[in-house]
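A quick write-up on the structure given underneath.
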Amino acid sequence: MPIQRVRPPLVADERTQLIGWFDLQRAIVAFKCEGLSEADAHRAVLPTSPLMTVAGIVSHLRWTEHCWFEVVFLDRGQSENPQFVQEPEDLDWMVDDVPLAQLLAEYEQQCARSNETITAHSLDDVGAHQEVGSGSASLRWMVIHMVEETARHAGHLDTVRELLDGRKGYY
């Protein structure tokens, strides 16, 4: 079931608000994909950024969540994450042959796994895979970073979507 586009409560504990803002940004990502054709989902609209497609952004966000919450925080699954492949660079963005619906389903599943990890641990716990950059950061830092990362790419999706078909809107 897709995450709803609602803001977290104005007054709540830290974890509820962090996950609430994170889920809102994730839901905006899914919203920006609604009604797109496969061709448009894989179409590059920025000549100097050929991997910056709707499909590429969704894939990148999925693997970035996997990187932070499974590889860096839990120290598992590094070999399955394309972000750890040396060549070609940016492999997680290269999804021309993957349907958008599949990418969205995998992203939604990864978001659910990430939320399970966030819920099951103290926000003060630090990453278990400290050999990776920022691995010694707290879970709180990782969640805040991922809110920022997801919001940044939701903004990219705003621009890409408007260039593709003129569709605008935050909610």
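Worth pointing out:
- Qualifying positions in the range 45-90 - more than 27 Å from Gly166 (Cβ to Cβ) and among the charged types (D, E, K, R): Glu65, Glu70, Asp75, Arg76, Glu80, Glu87, Glu89, Asp90
- Test: residue in the range 58-67 that is buried (at least 17 other Cβ atoms within 10 Å of the Cβ) and small (Gly, Ala, Ser): yes
- Note on the range 80-111: residues that are over 14 Å from Leu61 (Cα atoms) and surrounded by 15 or more Cβ atoms within 10 Å (Cβ to Cβ) amount to 2.
- Test for Gln130: is it more than 22 Å from Arg5 (Cα to Cα) and polar (S, T, N, Q): yes
- Pick from the range 119-168, criterion under 22 Å from Phe84 (Cα atoms), surrounded by fewer than 15 Cβ atoms within 10 Å (Cβ to Cβ) and not polar (S, T, N, Q), ranking: modelled with the lowest pLDDT: Gly133
- Ala120 vs. criteria closer than 15 Å to Thr150 by Cα and of a type in the set (A, V, I, L, M): no
- Within the range 97-116, the only residue that satisfies the criterion of being among the hydrophobic types (A, V, I, L, M, F, W, C) and more than 22 Å from Leu51 (Cβ to Cβ) is Ala112.
The values are calculated or read from the model by the stated rules, or taken from the named source; none is laboratory data. Source: prediction; values computed, not measured. For neighbour counting, all protein chains shown are included, and Cβ atoms are generated from backbone atoms with ideal geometry for every residue, glycine included.
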